[in-house]
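Report on the structure given below.
The values are calculated or read from the model by the stated rules, or taken from the named source; none is laboratory data. All values derive from a computational prediction rather than experimental measurement. Cβ sites come from the backbone with ideal geometry, for glycine too, and all protein chains shown count toward neighbours. When the accessible area is computed, the model is the full protein with side chains, heavy atoms only, and any ligands, DNA or RNA have been set aside. Shrake-Rupley method; radii C 1.70, N 1.55, O 1.52, S 1.80 Å.
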Amino acid sequence: RVTPSLNHLIYRSSRIKSMFYHAYNSYLDNAFPYDELRPLTCDGQDTWGSFSLTLIDALDTLMVLGNQTEFQRVASLLQDTVDFDIDVNASVFETNIRVVGGLLSAHLLAGRAGMELEPGWPCSGPLLRMAEDAARKLLPAFQTPTGMPYGTVNLLRGVSPTETPVTCTAGVGTFILEFATLSRLTGDAMFENVARRALRALWKTRSDIGLVGNHIDIVSKKWVAQDAGIGAGVDSYFEYLVKGAIMLQDEELLNMFLEYDRAIQNYTRFDDWYLWVQMHKGTVSMPVFQSLEAFWPGLQSLLGNLDGAVRTFQNYYSVWRQFGGLPEFYSIPQGYTVDKREGYPLRPELIESAMYLFRATGDHTYLQLGLDALESIEKIAKTPCGYASVKDLRDHQLDNRMESFFLAETVKYLYLLFDPTHFLHGGGTEGDGFWEAGGEGGQCVLGAGGFIFNTEAHPLDPAALYCCSRHAQDQQDLHDILLSLSQPVGKEDRQSESKETEGPPPGQSESIALKPGEKKTPPLLSCPVQPFTARFSILGQVFSDNT
């Protein structure tokens, strides 16, 4: 256990900043405009699409670290240099979470970064248009009989006729955060609609015991890989059901996750580990822990399931202590790495969970994990040109790759773990800029209600979605009500009013508390009954829905 003083926290934060800038400056000096840095040979390579991916992914981290001037410089640079109208085959999933998510987050942080804003921001802006442009390039992948998307799309020509219809579960179910944000900021419902259609199609394919497999044929709806678990190929699907429910105040998404969670707890959980099982039978197929599963305790903490989250985290932390990192696969019965899966590409998931659990519990165990991670990455992975993926945790061989998520996620979550008063945590005091005005005439309050991180750790502000999609509607509703109050009620109006009080059509009763045949007359101005979302408390914060 550690009991850090404020000085200790500041010291560690400065070390994490140094880690970021060593990697970031190495990328700029040696790899830009390529997607990623190769830290052993001090050069760059394109990996996910040829759009300076590391710079897009790291942009909001600059703001998290407080570097407004570099944020402004890079935001302008990206607008001048990045073009999505290119003949490149790109991963639909990776482009969404890294590029669309990164640009949306940077757009929503632009005001805090001191950038010159367009009138009506956050409902307009150059970074938002870039995000929309990138997302439009992904839409052809969703033009399938089921609505579930292909895994790869050519940014210039759409889906190749030879493209495989087999994709992973996460590749189908990891769009609702970015696409709903786009729709509600821009007013174009297309993005949210295709994301929801894909989610509902995937929901219908679950097995009789309530599980989904790992890879599915998105045309025939047949499961190609029938291993069910919470790790690689599935992970962010579950994450987006929970975070989508919070950000959009969406009961449908929450109910989907809760039903999955019951099956996951029944069939895959053993001694607070989560194994892989056959999706139809529930029999164990792979008794392994994957490093990607380490997001799960953090997700459980968002729902208030702290006891299980803490125990599972301790299991995962024990693996970290054994190796100084999380191997991609770890055999639970053998207590050791799995052949050819001994690497650690500097993934963020266990640090992410530590951040959430420290926020939820205040237990300094999670700060100790952060300290361990900081020391381990510095000792094992640091090179003169950045930080390299660990090829083998047993002998600390390195791989010539620094994935963009190292700067987007790993460093960001480490920094936020040691900065409990950061604005992304809702920190700050009144008057020091922890909230800001937005929308036409500055009528919206932004940044004061908490942020939702996408699966690439790009923070999204739910208040901005409300500002652009609901505020105008609310204003119009209020205008209509006041107008109706100011008009005299004539005979025809009274007749139509009496018809309105007869209640909604069958099957559309507006209150489950109404008895059969009972009529309800809503007053012109009323306070709605408390909706489910007002009772949905996340870490002490209560979110209310559109009513």
_Once ligands and nucleic acids are excluded and a 1.4 Å probe is used, how much of Cys123 is accessible, expressed in Å² to the nearest 10?_
40 Å²
*How many Å³ per residue does the convex hull of the Cα positions in segment 327-407 occupy?*
107 Å³
*Long-range amide H contacts for Ala448: which residues qualify at under 5 Å (H placed 1.01 Å from N, peptide plane, sequence gap of 5 or more or a different chain)?*
Glu436
_Dipole magnitude (debye, nearest 20) for segment 109-183, charges at Cβ of Lys, Arg, Asp, Glu_ = 100 debye
*asked:* At 1.4 Å probe size, with the rest of the protein present, what percent of the exposed accessible area of the chain is carbon and sulfur atoms?
replied: 50 percent
*To one decimal place, what orientation-averaged projected area in nm² is obtained for the convex hull of the Cα set of segment 65-121?*
4.9 nm²
_Given Cβ point charges of +1 (Lys, Arg) and -1 (Asp, Glu) and nothing else, what value in debye, to the nearest 20, does the dipole of the chain about its Cα centre take?_
1080 debye
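Heavy-atom accessible area per residue, the chain, 1.4 Å probe: how many Å²?
Values: 23230 Å² over 547 residues.
Solvent-accessible surface per residue comes out at 42 Å².
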*With the contact rule set at Cα under 8 Å and sequence spacing of 6 or more, what percent relative contact order holds for segment 160-306?*
23 percent
*Using all Cα-Cα distances in segment 34-190, what percent lands in each 5 angstrom bin from 0 up to the longest?*
1, 9, 18, 20, 20, 15, 9, 5, 2, 0
_Computed over segment 250-400: relative contact order in percent, which uses C-alpha pairs under 8 Å that are six or more apart_ = 19 percent
*Can you pull the one-decimal nm distance between simple spin-label points at Gln443 and Asp363, each 7 Å off the Cα toward Cβ?*
4.7 nm
_Taking amide H atoms as placed 1.01 Å from N in the peptide plane, list the residues 5 or more away in sequence, or in a different chain, whose amide H sits under 5 Å from that of Ala90._
Val153, Asn154, Leu155
*Where does segment 199-260 land on Rg/Rh, using Cα atoms and the Kirkwood Rh?*
0.97
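Add +1 for every Lys or Arg and -1 for every Asp or Glu among the other residues with Cβ under 10 Å from the Cβ of Gly229, and state the total.
Taking every other residue near Gly229 into account, the sum is -3.
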*Return the loop-located GluC sites (Glu not before Pro) in segment 87-183 (DSSP other than H, G, I, E, B) with at most 10 other Cβ atoms within 10 Å of their own Cβ; answer none if there are none.*
Glu116
*Each residue of segment 66-80 in turn: what ³J(HN,Hα) in whole Hz from Karplus with 6.51, -1.76, 1.60 and θ = phi - 60°, glycine and Pro shown as x?*
x, 8, 5, 5, 6, 4, 4, 4, 5, 4, 5, 4, 5, 4, 7
_Exposed loop sites here are trypsin sites (Lys or Arg not before Pro) in DSSP loop states with at most 16 other C-beta atoms within 10 Å. What is the longest stretch of the chain lacking them?_
2-156
*asked:* With a 1.4 Å probe and all protein chains kept in place, how do His215, His425, His458 rank by accessible area, largest first?
replied: His215, His425, His458
*Nearest-ten-degree value, helix 365-381 long axis tilted from longest Cα axis of the chain*: 50 degrees
*To the nearest 0.05, what FRET efficiency results for Tyr21 and Asp85 with a Förster distance of 22 Å applied to their C-beta separation?*
0.10
*Exposure ranking of Val277, Val194 by accessible area [1.4 Å probe, largest first]*: Val194, Val277
*Among Lys17/Lys382; Lys137/Lys412; Lys243/Lys340; Lys204/Lys340; Lys243/Lys281; Lys17/Lys391, which pairs are too far apart, with a Cα-Cα distance over 23 Å?*
Lys137/Lys412; Lys243/Lys340; Lys204/Lys340; Lys243/Lys281; Lys17/Lys391
_Given segment 326-471, report the % of alpha carbon pairs whose separation exceeds 17 Å._
68 percent
*For Asp43, list long-range residues whose amide hydrogen, built 1.01 Å from N in the peptide plane, is under 5 Å from its own amide hydrogen.*
Arg38
*What ³J(HN,Hα) values, in whole Hz, does the Karplus curve 6.51 cos²θ - 1.76 cosθ + 1.60 give for segment 293-300 when θ = phi - 60°, with x put for Gly and Pro?*
6, 5, 6, 4, x, x, 5, 4
*Under Karplus coefficients 6.51, -1.76 and 1.60, residue-wise ³J(HN,Hα) of segment 101-110 in Hz, glycine/proline x*: x, x, 5, 4, 4, 4, 4, 6, 9, 4
*Taking +1 at the Cβ of each Lys and Arg and -1 at the Cβ of each Asp and Glu, which of Tyr150, Ala225, Cys444 sits farthest along the dipole of the chain towards its positive end, judged by Cα position relative to the Cα centre?*
Ala225
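Taking 8 Å as the Cα distance limit and 6 or more residues as the minimum spacing, I'd like the relative contact order of the chain as a percentage.
Relative contact order for the chain comes out at 15 percent.
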